[in-house]
1. Can you list, by residue number, the Cys in the chain that have no neighbouring cysteine C-beta under 4.7 Å?
2. Count the net charge of all other residues whose Cβ sits under 13 Å from the Cβ of GLY38, scoring Lys and Arg as +1 and Asp and Glu as -1.
3. So which of LYS19/LYS142; LYS4/LYS142; LYS182/LYS207; LYS96/LYS135 end up more than 32 Å apart by C-alpha?
4. Pairs of Cα atoms under 8 Å, at least six residues apart: use those to get the relative contact order of the stretch 125-331, whole percent.
5. Counting Lys and Arg as +1 and Asp and Glu as -1, each charge on the Cβ, what is the dipole of the stretch 166-294 about the Cα centre in debye, to the nearest 20?
6. For the chain, what's the relative contact order in percent, using C-alpha pairs closer than 8 Å and at least 6 residues apart?
7. Report the label-to-label distance for GLN85 and ASP128 in nanometres (one decimal), using points 7 Å from each Cα along the Cα→Cβ vector.
8. Kirkwood hydrodynamic radius for the chain: how many Å is it when counted over pairs of different Cα atoms?
Amino acid sequence: MFLKNCWYVAALASEVGRKPLGRIFLNEPVVMFRTEAGAPVALEDRCSHRNYPLHKGRLAGDAIECGYHGLTFDCAGNCVKVPGQAQIPERGRIRKYPLLERWGWIWIWMGDPALAADSAPVDFHWLDDPAWGAKSEYLYIKSDYRLIIDNLLDLSHLTFVHPGTIGSAANVEKAQIRNDLKDDSVTVTRWLIDIAPPPTYARAGFKGNIDRWQIMRFEPPAFVNLYAGATDTGTGAPEGRRQGGIGLRNLDAITPETESTSHYFWAIAQDRAPRDAAATEAMFQEIHRTFVEDWEVLETQQRWNELNAGAPTININSDAAPIHARRILDRLIGEEAGRVQRRKAS
Ligand code: FES
Ligand SMILES: [Fe+2]
């Protein structure tokens, strides 16, 4: 079960153009394209004639023509043409999904379209804030989306999965951790005071010991905003004096494809040299490397979870935040399902 009435990320804006793009969200096939004027459109990716996927068809102006027998649908989802036949069945209409284009990403509403206008996407303005230099990427991960949230909320794994970039022994041994577990969010604050810089920070120019912070905020259904960074040790970073250091925003949006596969949109933004594209690219490459490492872990974990379904597992202290995030998700999904049931019954 997935939370439906919320904005998910559907694509990087650059991925959607005049060639239909098919993607599955929450087990529903969706086709996306842009009109001739450039507006993004999302329709059910299913021809109402014989279920052929519309993303295999082609655009004709602002309409999409099925690649099997040529039925054509306008960008509101109405069937507007049946080749060789004058009569167009009204029941041929397909579903249209609300979309938003914001900060270089395209967001989709998979739930009740009437509720979309009253809801805003999670704040990821760092993606195009002039005070930050940002770069995004899309990854397709064969794992339950909740495993990705677990990964992002428990950074003790950096020591063991990312020793060549952002991990070091001090990352677990010296971490001062505070969890703020709220009804609708989870924030984990980790401070690493007076530690040797791990490889990524050494490459960014830190010579001596650093004070390093990692502040992860989870918002349902699957967004994590990770504010990380470092200054030279003893210069007041914990009290808020972070000039001269480096700040990084790692923005993560995970959209379930199915129960066991996920679309993973992520970006890195850096505030040290916001207009320096080479500095952004260098940091993107550092963090990209860590994502490739996580990718391998997540897909392996998914497979091993399936092979070991029902086997007993234990929890440790660093699971508190991921466990709370799942509680929030379960509660919201349950509440949403309850509202749908009550609407059906009345
Ligand atoms: S399946 Fe699309 S036109 Fe027949
Ligand atoms: Fe990681």
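Taken together, the values in this text are just the output of simple stated rules run on the coordinates, not laboratory data. This structure is a prediction, so every number in the text was calculated from the model and none was measured. All Cβ positions, even for glycine, are placed from backbone atoms using ideal geometry, and neighbour counts span all protein chains on display.
1. Cys with no partner Cβ under 4.7 Å: CYS6, CYS75, CYS79.
2. Values: positive: ARG18, ARG34; negative: GLU36, ASP62, GLU101.
Local net charge: -1.
3. Cα-Cα > 32 Å for LYS182/LYS207; rest within.
4. On the way: 405 pairs, mean separation 58.5, N = 207.
Relative contact order, the stretch 125-331: 28 percent.
5. Values: 14 positive and 18 negative charges, 113 e Å.
Here the size comes out at about 540 debye.
6. On the way: 709 pairs, mean separation 60.0, N = 346.
Normalised by residue count, the contact order of the chain is 17 percent.
7. Computed distance between label sites GLN85 and ASP128 equals 4.2 nm.
8. Details: mean 1/r = 0.0454 Å⁻¹.
Result for the chain stands at 22.0 Å.
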